[in-house]
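Visitor: Below you'll find the structure I mean.
The values are calculated or read from the model by the stated rules, or taken from the named source; none is laboratory data. Given the structure is predicted, the values throughout are model-derived calculations rather than measurements. Here the Cβ is made from the backbone with ideal geometry for all residues, glycine too, and neighbour counts use every protein chain on show.
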Amino acid sequence: MDAKLRAFFPILEKKINGHPFVYFDSAATALKPLPVIEALSTFYRDKYATVHRAIYTLSVEATELYEGARSKVAKFLNAAFDEIVFTRGTTDGLNMISTILGRGGVIQKDDEILLTEMEHHSNIVPWQMVAKERGAKIVVTPINAKGEIDLEAFKSHLSPKTKVVSVAHVSNLLGTVNPIQLIASLSHAVGALLVVDGAQGAPHLPVDVQAIDCDFYTVSGHKLYGPNGIGAVYGKKSLLEKLPPYQGGGDMIDRVSFAETTYNVPPLKFEAGTPIIAEAIALGAAIDFINEIGLPKIGQHEHKLSDKLRKGIKALPGSRIYGEAEERSGVTSFTFDHIHPLDMGTLLDLDGIAIRTGHLCVQPLVHLFGLEAICRVSFGLYNTEAEVDYFLNSIALILKKLSK
């Protein structure tokens, strides 16, 4: 991307250990552009008020901004306005979905919840919790040597007992882009609902929930160049209408008495308490920023960097890259012989380069490769080919020093 776009990210002007700051951890969280920072500042400085509950001018204006952000998320995912529920992020969204499906009786004793070997902890643990509560069973379908879902095995694990299939749109370790539309069709054929963990999908790929025909799709604002503490769940209107609330409190109610409470209509039915107002508005600003550049353009840029990076890593001695899917994002995970990933991350930080190391919140997948930790590079729209060259040169120097 050009210098004009990088100028929107003031944090990139920092020096780390005397070196230019190179940020290669956007899959964990993306850096924030000025329009997002300014949206937060402007709201708190000039427009702050609660929403939905008052008729004074600032409250009405805040409500318009907040619901305007919901409209932006809906359009971004090709959903209806009342199918978007604001959450604290993808983890919160997956916990909400699993809870209301259990509470709503979708998941019963001896039912099955189908996951894959590549899932993030946030798409494992909530399902384990609801399975334990409801007496259901977790079924795990394998991946192949390329890091793709084994579709034949996936089909064999589907049965009338399968009530929920929950899968990542994009793997945060392998970069694999899963065939979500096909998975939706196969899941619906046995009567199962499809939940998609879109934390790594929405920031890099155009998402059309109508075309996918998923039942739920989750996103995190902070991975979309937005602020922390905000995300969204898309849910089919018919499901949101019949499922029970997630939490109780203000705003999610219609009428309250000590004898009985009736609930608001979706999406407010699932948003208890004072909402995450400023962060939602800033998420709307982030979506505007992304749309102005264009997700296809961002994706092409990240793929170009990824191809250069992967070619460079493979040329270095003792390297191994994990994940060679035909369809993948700009995520690259790797190890080097005789160098612990945490040591590699520390040495790169001395050169001002930030990468992710550890188990990446996918311990079962890391263990599948016989590892306890791994290195990951993930790109954002602000990264450059010059940064990739600098990274590869730093790695080469580290290998040379450690070989002496």
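Visitor: Suppose we filter segment 357-384 for residues that are surrounded by fewer than 20 Cβ atoms within 10 Å (Cβ to Cβ), over 16 Å from the mean Cα position of the chain (by Cα) and within 27 Å of residue 287 (Cβ to Cβ); how many remain?
Guide: Qualifying residue count, segment 357-384: 1.
Visitor: Looking only at segment 165-185, which residues are part of a helix (DSSP H, G or I) and either among the polar types (S, T, N, Q) or under 10 Å from residue 328 (Cα atoms) (or both)?
Guide: Initially, segment 165-185 is screened for residues part of a helix (DSSP H, G or I), giving 180-185.
181, 185 - these are the residues of segment 165-185 that are part of a helix (DSSP H, G or I) and either among the polar types (S, T, N, Q) or under 10 Å from residue 328 (Cα atoms) (or both).
Visitor: Right, here's the next one. The conditions are (1) part of a helix (DSSP H, G or I); (2) within 28 Å of residue 90 (Cα to Cα); (3) not assigned by TED's automatic domain parsing to the domain that holds residue 379, and residue 45 fails exactly one of them. Which is it?
Guide: (2)
Visitor: Then there's this: So, in segment 202-216, of the ones that are touching a His at 6+ places or on another chain (Cβ under 8 Å) and surrounded by 23 or more Cβ atoms within 10 Å (Cβ to Cβ), which residue ends up farthest from residue 182 (Cα to Cα)?
Guide: 202
Visitor: Of the residues 188, 204, only one is in a loop (DSSP other than H, G, I, E, B), out of contact with any Pro (no Cβ under 6 Å at 6 or more places or on another chain) and assigned by TED's automatic domain parsing to the domain that holds residue 100; which? Working first, answer last.
Guide: Details: 188 fails: in a loop (DSSP other than H, G, I, E, B).
The match here is 204.
Visitor: Shifting gears a bit: Using the structure shown, decide if residue 264 is in contact (Cβ under 8 Å) with a residue 40 or more places away in the chain and of a type outside the set (A, V, I, L, M).
Guide: no
Visitor: Let me ask another. Quick check on my filter: what residues within segment 233-262 are more than 30 Å from residue 188 (Cα to Cα), at pLDDT 95 or above and among the small types (Gly, Ala, Ser)?
Guide: 248, 249, 257, 259
Visitor: Got a sec? Which of 237, 223 is buried (at least 23 other Cβ atoms within 10 Å of the Cβ) and of a type in the set (Lys, Arg)?
Guide: Exactly one of 237, 223 is buried (at least 23 other Cβ atoms within 10 Å of the Cβ) and of a type in the set (Lys, Arg), namely 223.
Visitor: Determine if segment 208-223 includes at least one residue that is of a type outside the set (D, E, K, R), within 12 Å of the chain's Cα centre (by Cα), under 17 Å from residue 94 (Cα atoms) and part of a helix (DSSP H, G or I).
Guide: Looking for residues that are of a type outside the set (D, E, K, R), within 12 Å of the chain's Cα centre (by Cα), under 17 Å from residue 94 (Cα atoms) and part of a helix (DSSP H, G or I), one finds at least one in segment 208-223, hence yes.
Visitor: Which residues, taken from segment 142-164, are under 21 Å from the mean Cα position of the chain (by Cα) and assigned to a strand (DSSP E or B)? Before you say what the answer is, go through the steps one by one.
Guide: Narrowing segment 142-164 to residues under 21 Å from the mean Cα position of the chain (by Cα): 143, 147-149, 164.
143, 149, 164, listed by residue number.
Visitor: Turning to a different aspect of this structure: Might you let me know whether segment 270-286 holds any residue that is of a type in the set (Phe, Trp, Tyr), assigned to a loop (DSSP other than H, G, I, E, B) and within 22 Å of the chain's Cα centre (by Cα)?
Guide: no
Visitor: Tell me which residues, restricted to segment 106-139, are in contact with a Leu (Cβ under 9 Å, 6 or more places away or on another chain), part of a loop (DSSP other than H, G, I, E, B) and under 19 Å from residue 191 (Cα atoms).
Guide: Answer for segment 106-139, where residues must be in contact with a Leu (Cβ under 9 Å, 6 or more places away or on another chain), part of a loop (DSSP other than H, G, I, E, B) and under 19 Å from residue 191 (Cα atoms): 106, 107.
Visitor: Given (1) without any contact (Cβ under 8 Å) to a residue 40 or more places away in the chain; (2) in the same structural domain as residue 393 (by TED's automatic domain parsing); (3) touching a Lys or Arg at 6+ places or on another chain (Cβ under 9 Å); (4) not basic (Lys, Arg), identify the lone condition not met by residue 300.
Guide: The single condition residue 300 does not satisfy is (3).
For every residue, the table says whether it meets (1) among the basic types (Lys, Arg); (2) part of a helix (DSSP H, G or I); (3) under 15 Å from residue 394 (Cα atoms); (4) modelled with pLDDT under 95.
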{"residue": "301", "(1), (2), (3), (4)": "no, yes, no, no"}
{"residue": "309", "(1), (2), (3), (4)": "no, yes, yes, no"}
{"residue": "312", "(1), (2), (3), (4)": "no, yes, yes, no"}
{"residue": "316", "(1), (2), (3), (4)": "no, no, yes, no"}
{"residue": "324", "(1), (2), (3), (4)": "no, no, no, no"}
{"residue": "345", "(1), (2), (3), (4)": "no, yes, yes, no"}
{"residue": "365", "(1), (2), (3), (4)": "no, yes, no, no"}
